[in-house]
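Notes to accompany the following structure.
The values are calculated or read from the model by the stated rules, or taken from the named source; none is laboratory data. Since the structure is predicted, the reported quantities are computational estimates derived from the model, not experimental observations. Glycine gets a Cβ as well: all are built from the backbone with ideal geometry, and neighbour counts include every protein chain shown. We work out accessible area using only protein heavy atoms, side chains counted, and drop any ligands, DNA or RNA first. Shrake-Rupley method; radii C 1.70, N 1.55, O 1.52, S 1.80 Å.
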Amino acid sequence: MSTTLVPPTTASARLESIFDDVLRRNPGETEFHQAAREVFDSLGRVIQKHPQYAEAAILERICEPERQIIFRVPWVDDAGQVQINRGFRVEFNSALGPYKGGLRFHPSVLLGTVKFLGFEQVFKNALTGMPIGGGKGGSDFDPKGKSDNEVMRFCQSFMTELYRHIGEYTDVPAGDIGVGGREIGYLFGQYKRITNRYESGVLTGKGVGWGGALVRTEATGYGATVFTEEMLRTRGEDFDGKRVLVSGSGNVALYAIEKVQQLGGIVVGCSDSSGTVYDEKGLDLGLLRQVKEVDRGRLSDYAEARGADSDYRAGARIWSIAESVRVDVALPCATQNELDEADARTLVRSGVLAVAEGANMPCTPEAVRVFAESSVLFGPGKAANAGGVATSALEMQQNASRDSWSFEHSEQRLHEIMVGIHERCAATADEYGEPGNYVLGANVAGFTRVADAMLALGVI
Ligand code: GLU
C-alpha cells in the first residue's frame, strides 16, 4: 500500500466534489444524502492516508448502486378492489458477498429511503466481518390493518417479480420494518413455488421449523444491547439498575427490552406511532409481547391491560419522558430521524450516559453532534444494530451446511460478533486519533474493508 500522503485540503476538496455529485445525481433523496454525508464526514483522513482509493474512484463507485430495480406490485384486496404498490430492490454493493439486507413494507418507503438503507447496509455488513455485500428493498405497502390474506396476496405478487433477481449466491433479502416471520413465510412460499427449488438460503428470518435460525428473531435487539454494554464497560459501568428508554415496540425494541432486563436494567418506557408508555417500575415484557406479537395490537391496549402501573401518553414523544425523570441509557429502536437535537438536549440534561441506535439512522446529525459534544457514549446503527444481519449470515451458514445450531451456541456467536464490532470500531477510532468516536470508527472500518475488496476486484 502506498503511504504518500494527499494534502488535507486536496482530500477534503475531492470529498466535497464527489458529495456534490451525489446531491446532483440523486435529487430529492434527502435520507440518502444524510447517510452519505455522515460517511463522507468520517473519510477525510482515510483518503489522505490511502490515495489509491481516490485513484480507483472507490468513493464515486461506492455511492452508485450496482443495480436498482423498481417494479409494479398489483394485488386484490378483500373487498375485490385492485390495489397497486411499488416494489424496490437496490443491490448496492457485492464486493464482499451476495447483496444482503432486509425488505421494508411501510407507506413512507420511496427509492431514496431504500437507497439510504442500502448504503448503510454496505458498511454495516462489512463491519460484521462476514462475507455479505449490501442491499435493501421494500414497498410502500402498509401491512397495518390488512388481513392475513391481503398480506399473503401482496407478498405473492411482490415475489412474482422479485424472484428473478435474488438467489443464495446473488441477493438474500430478509425482514425490516413491516416484514417479519409472517411476510417472510409468504415470500419464501411463492419463491419456492415459482422456482421449484427449496433454496433455503435465498431469504433469512425464516421460521425455525423450516430453515430459520434460532436467535435471528432476537438478534438485532440483543446485539444492540450487547454493543451498549461494551460501550458502558469502557467507563466502568454496566446495565445493572440503569433506567432505560427504548423507542418503538416492534421486533428490535422488544428484544432490546428483553436483554436489558436480563442484564439488570429497568426499561421504563417504549412507544409506537400513536403514543408512549411510561411505567415507572419497569415494563411488563410478557404482556407487551402478548399485545404486540400475538394480538398485533397497539400500546394503548397494553396500557389498558396493565392498568394503574402504566401511564399512556397519546401522541407524546418518548424522549420527553427524560424531561421529568432520570434516564441513563436511550436505545432508539423505531425509525429514521426519530430523535432530534431538542430530544438529545433533553436526554443530556437528564444525565444520559449512553445512546445506541437499534434502528437505522434514528438520530439526526444535530442530535449526534449534541451527544458528541456532551461526551455521551454513542453507538451508530451500522455498528450497534449489526447483530440482526450478522445472525442472518449465520442463518445462511446453517442453510448452506444443512445444519441447525442450538440457541446457546447461536447467542454465543452473536455475542462474540458484537464484541468484535465494538473492538473494531474502538480500535479504528484510536488509530485515527479520536478515541471513543464510534461513528468515525464504524464508518472507517466498514469503508476500508469494502474499499480494499473493490480494489482487489478491479474496475467492475
Ligand atoms: N433489516 C435488518 C438491518 O437493517 C436486517 C437485514 C438482514 O438480516 O439481512 O440490518
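Using Cα-Cα distances under 8 Å and only pairs 6 or more residues apart, what relative contact order does the chain have, in percent? Please report the intermediate quantities before stating the final value.
Values: 934 pairs, mean separation 69.5, N = 460.
Averaging sequence separation for qualifying contacts and normalising by length gives 15 percent for the chain.
List the residues of the range 91-114 whose backbone N lies under 13 Å from a point placed 7 Å from the Cα of I460 along the Cα-to-Cβ direction.
Those under the cut-off are 93-99.
Could you tell me the ratio Rg/Rh of the range 351-405? Both radii from Cα atoms, Rh via Kirkwood.
Numbers: Rg = 16.1 Å, Rh = 13.0 Å.
Result: Rg/Rh = 1.23.
Roughly how many Å² is the accessible area per residue of the chain, as a whole number, for a 1.4 Å probe?
Numbers: 18120 Å² over 460 residues.
For the chain, the per-residue accessible area is 39 Å².
Based only on Cα atoms, what mean projected area does the convex hull of the range 68-138 have, in nm²? Let's see the in-between values first.
On the way: hull surface 20.3 nm².
In nm², the orientation-averaged hull projection of the range 68-138 is 5.1.
Are any of the pairs K144/K259; K206/K259; K49/K100; K100/K292; K144/K281 more than 24 Å apart by Cα-Cα distance, and if so, which?
Numbers: K144/K259 27 Å; K206/K259 22 Å; K49/K100 30 Å; K100/K292 27 Å; K144/K281 30 Å.
Among K144/K259; K206/K259; K49/K100; K100/K292; K144/K281, the Cα-Cα distance tops 24 Å for K144/K259; K49/K100; K100/K292; K144/K281.
Treating only the Cβ atoms of Lys and Arg (+1) and Asp and Glu (-1) as charged, compute the dipole magnitude of the chain about its Cα centre; round to the nearest 20 debye. Before the final figure, lay out the partial values.
Details: 48 positive and 61 negative charges, 188 e Å.
Charge dipole, the chain, about its Cα centre: 900 debye, nearest 20.
Pick out, from G446, F158, S42, the residue whose Cα sits farthest towards the positive end of the charge dipole of the chain, with +1 on the Cβ of Lys and Arg and -1 on the Cβ of Asp and Glu.
Highest projection toward the positive end goes to F158.
Could you check how much of the accessible area of the chain is carbon and sulfur, as a whole percent, using a 1.4 Å probe?
Details: 8890 of 18120 Å².
Roughly 49 percent of what the probe reaches on the chain is carbon or sulfur.
Give the separation of the Cα centroids, the range 276-345 to the range 404-460, in Å.
Taking the Cα centre of each part, the range 276-345 and the range 404-460 sit 31 Å apart.
Trypsin sites (Lys or Arg not before Pro), restricted to the range 383-460: which are DSSP loop and have at most 15 other Cβ atoms within 10 Å?
Taking the range 383-460 and a limit of 15 other Cβ atoms within 10 Å, the loop trypsin sites (Lys or Arg not before Pro) found are R402.
Please report, in debye to the nearest 20, how large the charge dipole of the range 324-437 is about its Cα centre when each Lys and Arg carries +1 at its beta carbon and each Asp and Glu carries -1 there. Show your work: numbers first, answer last.
Details: 8 positive and 17 negative charges, 24 e Å.
The dipole magnitude comes to about 120 debye.
With the dipole of the chain worked out from charges on the C-beta (+1 for Lys and Arg, -1 for Asp and Glu) around the Cα centre, which of V327, A367, G97 lies farthest toward the positive end?
Checking the options against the dipole of the chain, the answer is G97.
When the gyration tensor of the chain is built from Cα positions, what are the square roots of 5 times its three eigenvalues, in whole Å, from largest to smallest? List each step's numbers first, then the result.
On the way: eigenvalues 198, 173, 84 Å².
For the chain, the ellipsoid semi-axes come out as 31, 29, 21 Å.
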